[in-house]
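Student: There's a structure below that I have some questions on.
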Amino acid sequence: MAKIAITINDKTIKVEEDSTILWAANTIGAQIPTLCHDFRLKPVGACRVCVVEVKGEERLVSSCATKVWAGMVVQTDTERVHNARKAVIELLLSNHPTDCMTCEVCGNCTLQDLAHKYDVRESRYYAKPTGGIKEDRNRAIQFDSSKCILCGRCVRICNEVQQDEAINFIGRGFDMTIGPAFNDSLLDSSCVLCGQCVSACPVGALVEKQAAGKARAWELEKVHTVCGYCGVGCNIFLNVKDDKVVKVTSEVGTVPNDGNLCIKGRFGKDMVHHPDRLKEPMIRKNGNLEEVTWDEAFDYIADKLQKIKDEDGPDSIGCIASSRCTNEEDYLMQKFARAVIGTNNIDECART
Amino acid sequence: MSFGSGAMTNSIREIKDCEVLFLIGCNPTEAHPVIALEMKKALKRGATFIVADPRKIWFAKHAKVYLQHKPGTDILLISAMMNVILSEGLEDKEFIKNRTEGFEEVRELVKDITPEKVAAEVGVNAADIREAARIYASQSEKTAIFYTLGITEHTCGTDNVRTLANLAMLTGHIGKPSTGVNPLRGQNNVQGACDMGTSCDKLPGYQSAYDPVIKEKFGKAWGVKLTETKGFSLPEMIDEADEGGLKAMYIMGQDPVMSEPDQHAVKRALGKLDLLIVQDIFLCETAKLAHVVLPGASFAEKDGTFTNSERRVQRVRKAIEPIGNCKPDWEIICEIAKRMDYPMNYASPKEILDEVASLSAHYAGINFERIEHMGIQWPCPDTSHPGTQFLHKGKFTRGLGKFFALPHRAPAEQTDEEYPLILSSGRTLYHYNVGTMTRRSESIAQKTNDCFVEINNIDAGRRGIINGEMVKIITRRGEVDARAEVSSKAKEGVIWMPMHFAEASVNKLTIAAFDNITQTAEYKVCSARLEKLAG
Ligand code: SF4
Ligand code: SF4
């Protein structure tokens, strides 16, 4: 693609001609705040937090939705820009609850960060927030309508990316909110509980229900790893507190999934701490599996395998590796069969 | 194999740029949801979809041509498409001449397989087959095939795969960006497990376990002399156990009682073993039969790597301490080996991967440092190689691409008066394989937690079955009760069941008939009948 020259904050750079101002600014590290923007979505330029000054343009323009042109001159942080952004935030906060101290996403909220950055302590237009946590029998996703800023990211990710068309804007004017048609439970809609809407929400309106109340944002250690559920191999972040996986998140820009996850990746982590997890080795004694020490189990296995190998030959033993285990473990299992036992009797469940 | 490696030839990020997507025997929105999102991007950008599947899957509704073919007729369908391509001169003659061998036999084979001739047997309109063939052959440069277990889980699974490869080579739709043949791998590390040499005839890196030179190399690295004797696949091990030849099995992270066909026979065979060791994170159905059960650690509790469908080797990281007294599987294997006087001294999985890299050319350039931030796609022959985005560029792994002329073979079991319906099985979005993990998630189990059977409205109407009622599914091997889901999703004459539910295990019903090369079971076709429950 052809490159063109533009000037941002007095710095001239070359960018691909179909870039947006936001994208171009990103490449030189000029921070432009956004709220309704998500790189996974078509830009709509609705919230006007990302406005910038463009030479020759009378109005401020939304940087997320405006493409660059050759010779464009942009200022991302003038006083005029600052005041415009501040006004937008004030308006958003005018009917937003101010209960940050108990909010689930405190410390990880774009609106909170912006209020801090633009020093909006109270809104000139304050009106009591309406709505609250919606009752919904689904156990994955919680929606708090009072916190919703109607940026539409959830609606767009559901319709554009997921194409599940489960939620949309409903109602009008002050009563406008988001949800499934007739404001039913998500379980009665075409929702597949992927939680993509949660990942897109910049505030605390959509959160993981099971994680609610379990941790403050800054207490969570995020461990970058790979989903254990299917061959797509999505990159995930296990959010850990006190040696417990509290929730799973994703990050836009990671390969191969670009921040997208499905229900299994985002909500399937419960199995890790499930009470049914096996915790001790067991040996069958008098017909029942009884807990033993690792030492006893290891000795028992080594003795028995050795005996069978000696008496019936290595080919009377078979080993099965797993498409759920790591490469290193599968490698060792086949090495165990071939080098320790001395047989080619090795297989796994590749076929299923 | 036709090209010389069994893996997705393209990358996930190339999917959105595809202009024609031919989906056959796969259901991405359910089985590979995030890959489906990339396909949906392609759809939004105006890509044309051809979908062939007995079930009316999500993409079928958005396809230009939807072929609701009968399970087990894939070869006929694809051969008829090739017939059209050849008779209308749509093949890529240059490509066939320069990059392939064996073409004439295929031309000969498909000469008489016209869409009109096979339409009835395949169960679709001849005109639709023609249109599908024309779209696939001529419309665009960026044309890719995607398939999964709907193609492989047949007694003719290997033949199905090779026939798809024929189709791709015939049109030259291989070895370019967004252009190729892509098996989407089911479980998270199927690709990696295959790469690691966990099959009886293949050492790591798909090197033959029976080739003297290769055996020598591995024997030297491992300090042993490797055996001459051919090994058994899992189904063969089960047979051997049943007949008394196999005495012990050590099973890691697998539940053959649930996942293998003909459950009754599997249980009987495993019951005869002198020693059954099962290493898992839950007391799965197979573990319930074991003499020794070892608690393994989940992916959140250990370090290592997984290799995804696009051949990308990625870091798995330990996030929490192992639960209770469980241990990472690699540590367990090392300890048993040590006590059998074979030292396996690895300080960490990092060293194990280094050993893999030293023995397998695909992984030669891959190590923990290099994949710290982002995974690398094999083949990666050395540590300065960036990895390989798509395969077979300019040249196939095996040199020339090979056409295999393969006639249609009927499934192992045919429908008859007593068992008039075809039973197919597979997975749903909400559960993983045999369900031991996902059914234990509160958020997920709520979506579907009981076994169901999809029935076409016409078949249901004939039997007086209404949506939601419990019915009995009977095959020659057993019977299972499930809730009827009546709709037009299933094809008339075909019923479909998910595989995830132990209490109504579909593998009580399935047939132990296998592809003779891959030993994959025919989960996609057996004969069944439906009965209303009494009362
Ligand atoms: S969970 Fe997924 S399908 Fe459901 S509303 Fe959110 S984005 Fe849409
Ligand atoms: S998040 Fe979903 S699509 Fe991604 S790897 Fe996990 S199971 Fe597969």
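Student: Quick one: Cα centre-to-centre distance for the stretch B:52-83 and the stretch A:324-346, in angstrom?
Tutor: About 39 Å separates the Cα centre of the stretch B:52-83 from the one of the stretch A:324-346.
Student: Moving on to the next point. Tell me, what is the percent relative contact order of the stretch B:70-220, built from C-alpha pairs under 8 Å that lie six or more residues apart? Working shown, then result.
Tutor: Numbers: 166 pairs, mean separation 35.7, N = 151.
So the answer I get is 24 percent.
Student: If you don't mind, there's one more thing I want to ask. Shape of the stretch B:190-377 from its Cα gyration tensor (a ≥ b ≥ c, root eigenvalues): rounded if a/c is under 1.5, otherwise prolate when a/b > b/c, or oblate?
Tutor: oblate
Student: If you don't mind, another one. Dipole of the stretch A:159-294, Cα-centred, from +1 at each Lys and Arg C-beta and -1 at each Asp and Glu C-beta, to the nearest 20 debye?
Tutor: Here the stretch A:159-294 has a charge dipole of around 380 debye.
Student: Ok, one more. What whole-number volume per residue, in cubic angstrom, does the convex hull of the C-alpha atoms of chain B give?
Tutor: So the per-residue hull volume is 164 Å³.
Student: To the nearest 0.05, how large is the calculated FRET efficiency for A:GLU296 and B:GLU321 if R₀ is 22 Å and r is the Cβ-Cβ distance?
Tutor: The calculated FRET efficiency here is 0.45.
Student: Take peptide B:182-188, look around each residue's Cβ out to 10 angstrom, count Cβ atoms belonging to other protein chains, and average those counts.
Tutor: 6
Student: Once you average over the residues of A:238-246, how many Cβ atoms of partner chains fall within 10 Å of each Cβ?
Tutor: For peptide A:238-246, the averaged partner shielding equals 3.
Student: Mind jotting down the distance between the C-alpha centroids of the stretch A:128-171 and the stretch B:108-154, whole Å?
Tutor: 42
Student: How much space per residue, in cubic angstrom, does the convex hull of the C-alpha atoms of the stretch A:3-77 take up? Could you put the intermediate results ahead of the total?
Tutor: Details: hull volume 6.0 nm³, N = 75.
Normalising the Cα hull of the stretch A:3-77 by residue number yields 80 Å³.
Student: Let me ask something additional. Cβ neighbours within 10 Å, averaged per peptide: list B:189-198, B:295-304, A:81-90 in order, most packed at the top. Let's see the in-between values first.
Tutor: Numbers: B:189-198: 29.3, B:295-304: 25.1, A:81-90: 17.9.
Those peptides, ordered most packed to least, come out B:189-198, B:295-304, A:81-90.
Student: What lysines could a cross-link reach from B:LYS70, if we take a straight Cα to Cα line under 27 Å and drop same-chain neighbours fewer than 8 places away?
Tutor: Answer for B:LYS70, where 27 Å is the Cα cut-off: B:LYS40, B:LYS56, B:LYS61, B:LYS111, B:LYS117, B:LYS472, B:LYS489, B:LYS491, B:LYS508, B:LYS524, B:LYS532, listed by chain and number.
Student: Please report the antiparallel percentage of the DSSP beta bridges confined to the protein assembly as shown, to the nearest 5.
Tutor: In the protein assembly as shown, approximately 55 percent of DSSP beta bridges are antiparallel ones.
Student: Another question about this same structure. Compute the relative contact order of the stretch B:190-377 as a whole-number percentage, counting only Cα pairs closer than 8 Å that sit 6 or more residues apart in sequence.
Tutor: 16
Student: With both bridge residues required to lie in the stretch B:421-532, what share of the DSSP beta bridges run antiparallel, to the nearest 5%?
Tutor: In the stretch B:421-532, DSSP labels about 60 percent of beta bridges as antiparallel.
Student: Quick check: Cα centre of the stretch B:291-306 to Cα centre of the stretch B:9-46, how many Å?
Tutor: 32
Student: Hand me the tally of lysine pairs in the stretch A:221-352: alpha carbons under 26 angstrom apart, and the pair either on different chains or 8 or more positions apart.
Tutor: So the count works out to 24.
Student: Computed FRET efficiency, Cβ-Cβ of B:ALA120 and B:GLU417, R0 25 Å: what is it to the nearest 0.05?
Tutor: 0.80
Student: I've got another one for you. Per-residue Cβ counts within 10 Å, from other chains only, averaged over B:439-450: what number is that? Walk me through the intermediate numbers first.
Tutor: Working: counts 2, 9, 12, 7, 16, 10, 2, 7, 9, 0, 0, 0.
Counting Cβ atoms of other protein chains within 10 Å of each residue's Cβ and averaging gives 6.
Student: Right, here's the next one. Considering only A:CYS151, A:VAL203, A:VAL74, whose Cα is most displaced toward the positive end of the charge dipole of the protein assembly as shown, charges sitting on Cβ of Lys, Arg (+1) and Asp, Glu (-1)?
Tutor: Result: A:VAL74, furthest along the dipole toward the positive end.
Student: Expressed in whole Å with the largest first, what are the equivalent ellipsoid semi-axes of the stretch B:261-342 derived from the C-alpha gyration tensor as the square root of 5 times each eigenvalue? Walk me through the intermediate numbers first.
Tutor: Numbers: eigenvalues 141, 66, 38 Å².
So the three semi-axes of the stretch B:261-342 are 27, 18, 14 Å.
Student: Interface A/B, total buried accessible area with a 1.4 Å probe, nearest 100 Å²?
Tutor: Looking at A and B, the buried total is near 11400 Å².
Student: Next up: Counting pairs of alpha carbon atoms under 8 Å apart in space and at least six apart in sequence, what relative contact order in percent does chain B give?
Tutor: Numbers: 1103 pairs, mean separation 96.1, N = 535.
Over chain B, the number comes to 18 percent.
Student: Give me the distance in nm between label points sitting 7 Å out from Cα along the Cα-to-Cβ direction at B:SER208 and A:GLU135, one decimal.
Tutor: A separation of 7.0 nm, rounded to one decimal place.
Student: Of B:ALA119, B:PHE49, B:LEU67, which is farthest on the positive side of the dipole of the stretch B:1-158, counting Cα position, with +1 on Lys and Arg Cβ, -1 on Asp and Glu Cβ, and the Cα centre as origin?
Tutor: Result: B:PHE49.
Student: Given only helices, namely DSSP H runs of n ≥ 4 each adding -39500 (n - 2.57), what is the per-residue ellipticity at 222 nm of the protein assembly as shown, to the nearest 500 deg cm²/dmol?
Tutor: Taken over the protein assembly as shown, the calculation gives -7500 deg cm²/dmol.
Student: Tell me which aspartates and glutamates have Cα within less than 19 Å of B:LYS338's Cα, excluding those fewer than 8 residues away on the same chain?
Tutor: The reachable aspartates and glutamates, counting only those whose Cα sits under 19 Å from B:LYS338, are A:ASP295, A:GLU296, A:ASP299, A:ASP303, A:ASP310, A:GLU328, A:GLU329, A:ASP330, B:ASP329, B:GLU351, B:GLU355.
Student: If you don't mind, there's one more thing I want to ask. Give me the distance in nm between label points sitting 7 Å out from Cα along the Cα-to-Cβ direction at A:CYS100 and A:ASP18, one decimal.
Tutor: Reported label-point gap for A:CYS100 and A:ASP18 is 3.9 nm.
Student: State, to one decimal in nm², a quarter of the convex hull surface area for the C-alpha atoms of chain A, i.e. the direction-averaged projected area.
Tutor: 25.2
Student: OK, next. Over the Cα atoms of the stretch B:421-532, what Rg and Dmax result, in angstrom?
Tutor: That works out to 14.0, 42 Å for Rg and Dmax.
Student: Take the Cα coordinates of the protein assembly as shown, assign each an equal point scatterer, and use the Debye formula without solvent to give log10 I(q)/I(0) at q = 0.05 Å⁻¹.
Tutor: Computed log10 I(q)/I(0) values: -0.30.
The values are calculated or read from the model by the stated rules, or taken from the named source; none is laboratory data. Everything numeric here is computed off the predicted structure, so don't read it as measured data. Neighbour counts are summed over all protein chains in view; Cβ atoms, including those assigned to glycine, are modelled from backbone coordinates with ideal geometry. Accessible surface is based on the protein model in full, side chains and every heavy atom, while ligands, DNA and RNA are left aside. Shrake-Rupley method; radii C 1.70, N 1.55, O 1.52, S 1.80 Å.
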